[in-house]
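Data first, discussion second: the structure below is written as structure tokens.
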Amino acid sequence: MTQHPDFSRSPARGRAARRTGTLGAVLLAGAVLAGSVLPTASAVVPTTPRAGADAATAALPAGTPLPAAEAEEGSVDVSVVSISHPVAHPGDKVTIRAKVTNTSDDVVPDATAQLTIDYVALTSRTQIDDWASAGLLDPVPGKPATKSLGKLSPGASKTVSFTYDPEAETFQGFGARKLAVAVGDATGRLGIARSFLVYDADGLEREPMQLSVLAAVTSPAIDPADPSTAQIELAQQTASGQRLDGVLQVAEKSGLSLAIDPDTMGVAAASDDPALIDWSERMLAAAEKTTTYTLPSHDPDLAALAHANVRTTGGRSFLHSPRRGNWEIPEAWRSNLAWPADGVVPDVETLNLAVSAGRRNVVVGSGGLAHEGTETVTGRAEVRTPSGTAHALLADTDLTRAFLAATDLSAADAASSTESSATATAAATVSTTAEGTQRLLAETAAVASQSPADPPSLSIVAPRTWTPDVASANTVLAELDDAGWVDLTTVDTLFEQDAPDVARTPLDERRVAKAELGASNVAALERGRDAVVTFSAVSVDESAQIWRPGVTRLATPLSVAHRSDTGLREALVQQTLESTNELTQQSVTVVPRQDVNFITDSGKIPVRVRNTLGVDATVTVVLRPDHPRLTVDARTTEVIGARQEMDVQVPVRAIGSGDVEVTAQVLTLTGAKISDDSSFQVRVRAGWEELGTWIAAGLVALLFLAGIWRTVRRGRSPYRATSEDVEEATGTGAEAPDPAQAASADSVTVRAE
């Protein structure tokens, strides 16, 4: 893959610095010019008009070392773009190609390029660093070969090639040699590229040093309030030419070790995007061919958790957060690696948290636990913590910087901006794949020469932001693997080695970085996590549908990716806490009601409960009166349907009469309160129901008796027809009754009134 123009290569921004002399060097050059001319092709590039240049320098013959010009900075950028034999052997003729670009606003009328190679082998890493970090005016040993470049207009570029035969010099032994391509004109040196020619004169078999390269597969920063952004952001990162696509392609073709956030794989695998699914399947296949570690889900900032004293045990802690899609981690993946945030040296508290979480293997970068001696030792160390011993993997700073400078498309220096300026030189002295390859070969050759029988093992750790130029990364790794003194292996082989017993710079017991999420916010997120897990018990069979997304939202602001924008992270934390409170306090609630009249000795008070969740909620309703005149017989448990309301009947008894303030609470089956209290008043009138019944019965009886009395009191109606009225109406007469019979009758006829 070629470089993509939408990325800015940070090494390019550092070229001017590395090809330009410091102010002190310029002053020194001026002093030297007062009596003599520098014996090499070193010169400073003038940025002012050249009319004031010494006329004598214009007449220098070809091949004569150029004098230093009095200027503050250079104007020509020089880069070694290819070396035909990264490791040259006797009989090889090496072709070196360099690209020259006029970065000034002035025309360079007659530019000259000079190739210089020193035959003396560099046997230490200090010598390599001194040469790579030398200033524009520093001497360049060796016999220069010169070629004319002609006119260089502003912004114009030219390529120059040299063919070099090492056997023409007195090259002996094994190791890197100083190589320089300098460009100048009559006014002095205009730019220089410093690199290395690695030459193996004897071809002896050497015990290879083990070198591992570790890369991360983690998700970008996302908005926890909008889970759909996780898939969108991941799709962008896995698109062709982007970060995770590059990591995948390098892993498919090299022995790259991987540390993968399983949540990232879960998002991709559960996606409906065919490209994302394809990426996840290819990444899974690549991970099977190398050593792969699983990071904690969502890649939490271990230092922030440690400094907030957050617990790490338990199936639902932030170090065991759920994975989207419930993605299953392959059994072959290792789960004992901890990787603190890039760009800072972790402290003992962070390593202690890692050990307590069962992740004893810890990546320590940014020059942490540096060896206090001059020789290079195996990049392993043991650190004692209160929870046990941590096995530290120490990233080799110079190798890592050189590797990133040659392969990273994403401003690698920004990820390591907190590291020392001394080691930053390694990145500033590399700008092309060829230069990066030669720097790495030179460094490893020096390491192998140091202890031929038992060379140390080292590692390169790419930061989470590493966006590899695939072609460059694969070229660099292939050249390293082909070198006879390097065995490109996996990280686990380094963890398995014993740590050398050497003096190292100790880690701070506690060191809080500025980009770290504050302890108060972490503690608030932890309380929110506890609340979500507790609340999820309302769903007996589907609790995971509540706590999984809830804990995921809370874990998201803790990710290392959110260190890049601390202001936005603060806002996300507050939004996440608010949404968590809404879930746990407002999803299952008591519906407010009017006051209740309770006029019986015992009965039930209905409490209406509302469930806004998408799952059924099993709740227990408890009433708490503020006076013993009303007592609660029992708690009532009911299942409230998803997005429904229901009256829960709670049995109570009245002991006396009076007004009672009653508080209604909704609890989980385990007794945890899951909503704010709701209060209402109950007017208790004990025995009033029975008294009212007797009163009503008495009133009915009185009304019945009153009706009878009224009927008797009024007597026969005057409108009732008599027998005489009948006879008169029919025209028949009745015989007079026998007096004797009438006198013997039992009753007396009472004339009706």
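Annotations for the structure displayed:
- Its Cα centre serving as origin, segment 235-370 has a Cβ charge dipole (Lys and Arg +1, Asp and Glu -1) of approximately 380 debye.
- Estimated at the nearest 10 Å², the accessible area of HIS627 is 70 Å² with a 1.4 Å probe.
- Segment 484-620 has equivalent-ellipsoid semi-axes of 51, 19, 15 Å, by the square roots of 5 times the alpha carbon gyration tensor eigenvalues, sorted largest first.
- For the pair SER84 and ILE232, a Förster radius of 60 Å applied to the C-beta separation gives a FRET efficiency near 0.85, rounded to the nearest 0.05.
- Cα→Cβ-extended label distance, 7 Å offset, between SER543 and ALA145, nm: 7.6
- From the largest down, segment 99-246 spans 65, 51, 24 angstrom on the principal axes of its Cα atoms.
- Ratio Rg/Rh, restricted to segment 91-180 and using Cα atoms, in which Rh is the Kirkwood radius: 1.02
- Protein accessible area in segment 307-367, 1.4 Å probe - carbon and sulfur %: 42
- 5 angstrom amide H check on LEU488, placed H, neighbours 5+ away: LEU211
- Between VAL502 and THR374, the contour length at 0.36 nm per residue exceeds the Cα-Cα span by 44.9 nm.
- For segment 656-669, the Karplus equation 6.51 cos²θ - 1.76 cosθ + 1.60, evaluated at θ = phi - 60°, returns couplings of x, 10, x, 8, 10, 8, 10, 9, 9, 10, 10, 10, 7, 5 Hz by residue, with Gly and Pro reported as x.
- For peptides 478-489, 242-253, 439-450, sequence by mean Cβ density within 10 Å, most packed first: 439-450, 242-253, 478-489
- Each Cα pair under 8 Å and six or more residues apart adds its sequence gap; the mean of these over the residue count of segment 423-516 is a relative contact order of 27 percent.
- Calculated FRET efficiency for the pair VAL120/GLN574, C-beta based, R₀ 56 Å, to 0.05: 0.35
- Gain on full extension, evaluated as 0.36 nm per residue between THR389 and LYS673 minus their Cα-Cα distance, stands at 98.1 nm.
- Kirkwood Rh in Å, taken over all unlike Cα pairs in segment 206-318: 15.5
- Site pair ASP565 and ALA275 shows an inter-label distance of 2.1 nm when each label is modelled 7 Å from Cα along Cα→Cβ.
- Residues whose amide H lies under 5 Å from that of ASP508, counting only those 5 or more places away or on a different chain, are VAL348; hydrogens are built 1.01 Å from N in the peptide plane.
- Given R0 = 30 Å, the distance between the Cβ atoms of ALA201 and THR159 translates into a calculated FRET efficiency of 0.50.
- In sequence order, segment 102-118 has phi-based couplings of 7, 9, 9, 9, 9, 7, 9, x, 8, 7, 10, 10, 10, 9, 10, 10, 8 Hz under the Karplus curve 6.51 cos²θ - 1.76 cosθ + 1.60, θ = phi - 60°, and Gly or Pro positions carry x.
- Packing-based order for 394-401, 576-583, using average beta carbon neighbours within 10 Å, highest first: 394-401, 576-583
- Label point distance in nm, THR711-VAL639, each placed 7 Å from Cα along Cα→Cβ: 6.0
- The residues of segment 241-358 expose on average 34 square angstrom of accessible surface per residue, using a 1.4 Å probe on protein heavy atoms.
- Amide H partners (placed H, <5 Å) of SER539, local residues excluded: THR618
- Ordering of 527-540, 218-231, 669-682, 174-187 by packing is 174-187, 527-540, 218-231, 669-682, highest average first (other Cβ atoms within 10 Å, averaged per residue).
- Our coupling estimate for segment 171-176, obtained by passing each phi through the Karplus curve with A = 6.51, B = -1.76, C = 1.60 and θ = phi - 60°, is 5, 9, x, 10, x, 8 Hz, Gly and Pro reported as x.
- Overall form of segment 148-233: oblate. Here a/c, set by the Cα gyration tensor axes a ≥ b ≥ c, is 1.5 or more, and a/b is not larger than b/c.
- Each Lys and Arg contributes +1 and each Asp and Glu -1, all at the Cβ; summed about the Cα centre of segment 331-374, the dipole is approximately 180 debye.
The values are calculated or read from the model by the stated rules, or taken from the named source; none is laboratory data. The structure displayed is predicted, hence computed values, not measured ones. Heads up, the Cβs are rebuilt from the backbone with ideal geometry, glycines too, and the neighbour counts pull from every protein chain shown. To get the accessible areas, we keep the full protein, side chains included, count just its heavy atoms, and leave off ligands, DNA and RNA. Shrake-Rupley method; radii C 1.70, N 1.55, O 1.52, S 1.80 Å.
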